[in-house]
Amino acid sequence: MEEVCLTPRELLHALLRRFHWILLAACLGGFLGFGLCRLCLPPQYTATGSLYVSIPGSESADPGTASAALTAAQKLVNTCLVLLEPAAQQLNCSAAELRQMLSAACLGKTEVLSLSVTHEDPETAMRIANTILDTAPGEILRIVHTGRIEVVDRASLPTRRDAPTPSQTTAAGAFAGCLLAGLAAACSEFRKKRSKIRRAR
């Protein structure tokens, strides 16, 4: 059985003949993506600040001692995620609620801890992040009893919402609609060519 395939020229002509349908599908996909973002994906904003954690031995000339101190400082990431009760009391919420909004990570191989709070309201995200930054050093030192913890950067007001943004979902929807319409055009042209070959036999 002879294999049927479309040449690049045939495929291009098929797409051009149905260009208006492809354009319409792209517009519908874009509108659908925009609508889904607005209705199903509430905006999220992330405010980020950082803490510097100095553990005795981190500035030692001995590589082993310095490495152990750095490891101990980095382990405080999990401690920051647990000791949230003072911040929760100031914010009139529970520590569990704060934990759902908060993420913490070390910045590379340093003693700097980055704390990020995600919330639907940018001002609330900033306020929560700064409250945690204000209360975390004292609470951590109360438990650890060693080292020095300082705020490096306070959280500022986030101006951009987290992804996906309406423009991103609109573009993705338009691309998906265009792709599906293009595939449909190619399949239609393929069936037409196959039927023509069969009739010719």
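The values are calculated or read from the model by the stated rules, or taken from the named source; none is laboratory data. Just so it is clear, the model here is predicted, and its values are computed rather than measured. In this analysis, Cβ positions are derived from the backbone assuming ideal geometry, glycine residues included, and neighbour counts consider all displayed protein chains. Note: accessible area is taken over every heavy atom of the protein model, side chains too, but ligands, DNA and RNA are not part of it. Shrake-Rupley method; radii C 1.70, N 1.55, O 1.52, S 1.80 Å.
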Going through segment 167-187 in order, the residues found to be more than 22 Å from Leu39 (Cβ to Cβ) and either acidic (Asp, Glu) or in contact with a helix residue (DSSP H, G or I) (Cβ under 7 Å, 6 or more places away or on another chain) (or both) are Cys178, Ala181, Gly182, Ala185, Ala186
When every residue in segment 114-128 that is open to solvent by 20 Å² or more (accessible area, probe 1.4 Å) and in a helix (DSSP H, G or I) is compared, the one farthest from Leu39 (Cα to Cα) is Arg127
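For segment 69-76, indicate whether the set of residues that are modelled with pLDDT of 85 or more, of a type outside the set (Asp, Glu) and either outside any helix (DSSP H, G or I) or over 23 Å from the mean Cα position of the chain (by Cα) (or both) is non-empty.
Applying the first criterion (modelled with pLDDT of 85 or more) to segment 69-76 yields none.
Checking segment 69-76: not a single residue is modelled with pLDDT of 85 or more, of a type outside the set (Asp, Glu) and either outside any helix (DSSP H, G or I) or over 23 Å from the mean Cα position of the chain (by Cα) (or both).
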Among residues of segment 49-68 being in contact with a helix residue (DSSP H, G or I) (Cβ under 7 Å, 6 or more places away or on another chain) and modelled with pLDDT of 75 or more, the residue surrounded by the fewest Cβ atoms within 10 Å (Cβ to Cβ) is Gly49
Of the candidates Ala155, Ala181, Ala163, Ala171, the one satisfying the condition of being under 30 Å from Cys27 (Cβ atoms) and assigned to a loop (DSSP other than H, G, I, E, B) is Ala163
query = Does Cys37 qualify as being at pLDDT 90 or above, outside any strand (DSSP E or B) and either open to solvent by 50 Å² or more (accessible area, probe 1.4 Å) or farther than 20 Å from Val144 by Cα (or both)?
reply = no
